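S.K.: Dropping a structure here in structure tokens format, bear with me for questions.
The values are calculated or read from the model by the stated rules, or taken from the named source; none is laboratory data. Every value quoted in this text rests on a predicted model; they were computed, and no experiment measured them. Please note: Cβ atoms are built from the backbone with ideal geometry, for glycine as well, and neighbour counts cover all protein chains shown. Just so you know, the surface numbers come from the protein's heavy atoms only, side chains and all, with ligands and any DNA or RNA stripped out. Shrake-Rupley method; radii C 1.70, N 1.55, O 1.52, S 1.80 Å.
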Amino acid sequence: MIYAQPTFLPAGDRYVLIEFGNEMNLDLNFMAQGLASAVRQAAIPGIIETAPCFASLLVHYDPEILTLSQTADLLGGLAASLGRSDDIELSSRLFYLPALYLDPWTRECVEDYCARIAKKVPDPELLVQENGLDGVDHLVRLHSSSEYWVASLGFWPGLPFLMPLDPRARLTAPKYNPPRTNTPQGAIGLGGAANSIYPVATPGGYQIFARTPVPIWDATGTRRGFDGALCLFRPGDRIRFVPVTRDEYDAVEAQVNENRYEVTVVEYQKFVVRDYKAWCEKLPGKRA
Amino acid sequence: MIEIVKAGLETSIQDYPGRIGYWNQGFPPSGPMDSWSFRMANILVGNAPGAAGLECQFLGPTLGFQQDTVVAITGADMRPTLDGIALPLWQSVAVRAGQVLALGAARLGARAYIAIAGGIANPERLGSRSTFHKAGVGGIDGHAVKAGQVLPVFDGTGTAGLVVPEALRPEIRTDRRWEIEVCAGPNDDWIDAAGQERFLSSDWKLSAKSDRTGFRLEGPEWTFAEKAINKPKEHGSLPSNIIDHGYPLGAINLAGQTPIILVNDGPSMGGFINPYTVPSAAFWKLGQAKPGEIFRFRQVSVEEAQDMARAIKARCVAGNLVTL
Amino acid sequence: MATQILAPLPGVFYRRPTPAEPPFKEEGDAVAVGDTIGLVEAMKSFFPVEAETAGRLVAYRIEDGQTVDADDVIADIA
């Protein structure tokens, strides 16, 4: 449910967690990001930073400047002034990421897991079964048909938690149990209702079925397209996966290795929640 | 310039308060775990309290000095020596070019801090010189220091012979037992009354499977409130699962039945509840505790925790130092 | 000459490489310089405890899984 009023939960001497509801839906994330954006614009002395997640916003404040109750009052006031989520508008960059679906690296990783850790249905086939799809080609078409919303980043710096904006592309999948001990860098996966891209080779629990050659993480801060940042995405960005062939994948990878790859990104757009909802209403063949 | 002769155990460059402002991209602040001792080391050598210095963990490094300078060592007792002669802690000391500073294994406490007049001058990453070892960010090449590396140092103006009065130092426990302050929340209402009482009245043993990302505790089973058991399925299957949310630094994160205190290099978000949070003023105790030592938690209000942090900050100023 | 093997750092002492394997040494075994006689775990890592003199491992002074401080006596060598 969506709470009538956001709940303020104290979290130690310098954080407060604001919950907007207790389910996974985009509306709650829009509210969290809307408040984060309002806090940024208001530039309130004593509010150090915020971190949105699916249904909540963590706020880091400076107790030398603001008490807990002052912080809650200021944020409560801002949240009230935002009104309904329909009125929220967020700056949103759109990234196009080449993706090789059903790639050999994630397949090999899954085979290695089956051989060493536990036998399981291969990840793409499992997604087909779990979601009643017509086969792996259908999975690829459906998965690449939607824009994905960066709801939050975490677990590893720069690791995005993505929700498909097209309701018809909503897929679900169980997580690995036990988790994988390794995942190829750039693997694209899905666990629960969230999608992600692995910034580096790490353990993981999402079902993996594609890979992008474009780095989304760069500890040196020198990579083209990062503008000095160490990770590519921010909350509120959107991503579209562009299916490519193996040859195209290799060509992009070669450009990345020579640091001459230009990330395709559209920077001038605003995401308007009201317009998004109106579009969702019109869609034929919505998946429940 | 200072040469790393021996690296010790994951000795790293840290500054205070660390890498602040990137939690929404998943970056932890890093920084020294015992920021009380760290700040004291800096003011002893004439630095700003947050200047970059070294955090030594369990087993200290050996450093070769290529310049005359002033250093101070605080925190854990790693029995430091300069050219083989024992050095006092909590005191600024003159070092000449060519001398070798060696730290051994921690006898009292777990983490020692070395400040050098001027502060270490490694490049900033996202506004901080702190090392986030796990992800390879900051420090010299993203990681803990390695033998053979040379650390650049800013020009400084330290004075030898300054001392932190004993009353202003953190009191590192010798009896292996620690009382750690906690604030209730954000998710204390997911634990039933018996579970809350049990958390505050039980001994919790610090596991050796603890590092700068998290401190794992061993203790009794947790019991849960109705809210943790009957909940929308998006939260996940375990009572301690919740829809992924942001983690405050210091969160006592309940992964299934195992509480893990999320510390300086910890994750920014995840799908487990945080019934309690260790406030910043108690972090020095975490930094100085060793595996096998016992924690007891004492609940304080948010205001009390903020007052404690203020009191530590007020201690860490140059005016409080005395001359030898 | 009797010597002692001391803990190199604080942590948890183990006599076996993993719980499923036999101990590094039994009491009474011969040890050579550099032989590993146990591990100390700290910060999610394991550090070998090595003999610095050759001889016979007379007795372990620390139980498997027990907490040690730096320089605690782990074993006697004669």
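S.K.: Based on the Cβ-Cβ distance from A:R274 to B:S201, what FRET efficiency comes out when R0 is 56 Å, to the nearest 0.05?
M.R.: Taking R0 as 56 Å, the efficiency between A:R274 and B:S201 is 0.60.
S.K.: Here's another thing I want to ask about it. Which value in nm describes the separation of the simple spin-label points at C:V73 and B:E124, placed 7 Å from the Cα toward the beta carbon?
M.R.: With each label point 7 Å from Cα toward Cβ, the separation is 5.4 nm.
S.K.: For chain A, just say rounded, prolate or oblate: build the C-alpha gyration tensor, square-root its eigenvalues into a ≥ b ≥ c, call rounded for a/c under 1.5, and beyond that prolate if a/b exceeds b/c, oblate if not.
M.R.: Taking the square roots of the gyration eigenvalues as a ≥ b ≥ c, chain A is prolate.
S.K.: Skip the ligands, DNA and RNA, and give the accessible area per residue of the range B:2-169 with a 1.4 Å probe, whole Å².
M.R.: Value for the range B:2-169: 31 Å² per residue.
S.K.: Let me ask something else. Buried accessible area for the C:B pair, summed, 1.4 Å probe, in Å² rounded to 100?
M.R.: What C and B bury together is about 1500 Å².
S.K.: For the range B:2-169, give the percent of accessible area contributed by carbon and sulfur heavy atoms, probe 1.4 Å, rounded to a whole number.
M.R.: The C+S portion of the solvent-accessible surface of the range B:2-169 is 53 percent.
S.K.: Here is a further query. With r as the distance between the Cβ atoms of B:N320 and A:D112 and R0 = 41 Å, compute the FRET efficiency 1/(1 + (r/R0)^6) and round to 0.05.
M.R.: Using R0 = 41 Å, I get an efficiency of 0.10.
S.K.: With all protein chains present, how much of the accessible area of the range A:21-134 (probe radius 1.4 Å) comes from carbon and sulfur, to the nearest whole percent?
M.R.: Carbon plus sulfur share of accessible area: 51 percent.
S.K.: May I ask you to list the lysines whose Cα is less than 21 Å away from that of A:K277, ignoring any residue fewer than eight positions away on the same chain?
M.R.: Excluding near neighbours in sequence, the set is A:K286.
S.K.: Also: At a 1.4 Å probe, which residues in the range C:1-33 are at least 20 Å² less accessible with all protein chains present than in their chain isolated?
M.R.: In the range C:1-33, residues shielded by partner chains: C:P8, C:L9, C:P10, C:V12.
S.K.: What's the buried accessible area, both sides, between B and A using a 1.4 Å probe, rounded to 100 Å²?
M.R.: So the buried area, both faces added, is about 3500 Å².
S.K.: For helix B:35-44, what angle does its Cα long axis make with the longest principal axis of chain B, in degrees from 0 to 90 and rounded to 10?
M.R.: Between helix and principal axis, roughly 20 degrees.
S.K.: Roughly speaking, to the nearest percent, how much of the range C:3-77's 1.4 Å accessible area is carbon and sulfur?
M.R.: 49 percent
S.K.: Right, next: If you average the alpha carbon positions of the range C:13-78 and of the range A:198-267, how far apart do those two centres end up, in angstrom?
M.R.: The range C:13-78 and the range A:198-267 have Cα centres spaced 47 Å from each other.
S.K.: In a Gaussian network model over chain B where Cα atoms closer than 10 Å are linked, find which of B:A72, B:A225, B:A115 has the largest mean-square fluctuation.
M.R.: B:A225
S.K.: Once a ≥ b ≥ c are taken as the square roots of the eigenvalues of the Cα gyration tensor of the range B:283-324, is the result rounded (a/c under 1.5), prolate (a/b larger than b/c) or oblate (a/b not larger than b/c)?
M.R.: Oblate is the answer for the range B:283-324, as a/c is 1.5 or above yet b/c matches or exceeds a/b.
S.K.: Moving on to the next point. Going by the alpha-carbon gyration tensor, a ≥ b ≥ c the square roots of its eigenvalues, is the protein assembly as shown rounded (a/c under 1.5) or, if a/c is not under 1.5, prolate (a/b greater than b/c) versus oblate?
M.R.: The shape class here is prolate.
S.K.: Leaving out ligands and nucleic acids, note down the accessible area per residue over the range A:116-245 with a 1.4 angstrom probe, in whole Å².
M.R.: On a per-residue basis, 35 Å².
S.K.: Sticking with this one: Can you pull out the GluC sites (Glu not before Pro) in the range C:1-54 that DSSP calls coil and that have at most 13 other Cβ atoms within 10 Å?
M.R.: Listed in order of number, the matching sites are C:E26, C:E27, C:E52.
S.K.: If I fit a long axis through the Cα atoms of helix A:26-42 and take the longest principal axis of the Cα atoms of chain A, what angle between them do I get, 0 to 90°, rounded to 10?
M.R.: 50 degrees
S.K.: How shielded is B:194-205 by partner chains, expressed as the average number of their Cβ atoms within 10 Å of its Cβ atoms?
M.R.: 0
S.K.: Do the alpha carbons of any pairs in B:K146/B:K205; A:K282/B:K231; A:K120/C:K44; B:K231/B:K285; B:K209/C:K25 sit beyond 28 Å of each other, and which pairs?
M.R.: Flagged as over cut-off: B:K146/B:K205; A:K282/B:K231; A:K120/C:K44; B:K231/B:K285.
S.K.: Could you do me a favour and compute the accessible area per residue for the range B:177-313, 1.4 Å probe, result in Å²?
M.R.: Per-residue value: 33 Å².
S.K.: Tell me the mean residue ellipticity at 222 nm calculated for the protein assembly as shown from its helices only (DSSP H runs of n ≥ 4, each -39500 (n - 2.57), averaged over every residue, nearest 500).
M.R.: -5500 deg cm²/dmol
S.K.: For the range A:176-269, state which chymotrypsin sites (Phe, Trp or Tyr not before Pro) are in a DSSP loop and have at most 12 other beta carbons lying within 10 Å of their beta carbon.
M.R.: A:Y268
S.K.: Hey, rough spin-label estimate for A:V121 and B:T159, points 7 angstrom out along Cα→Cβ, what's it come to in nanometres?
M.R.: Output for this residue pair reads 7.5 nm.
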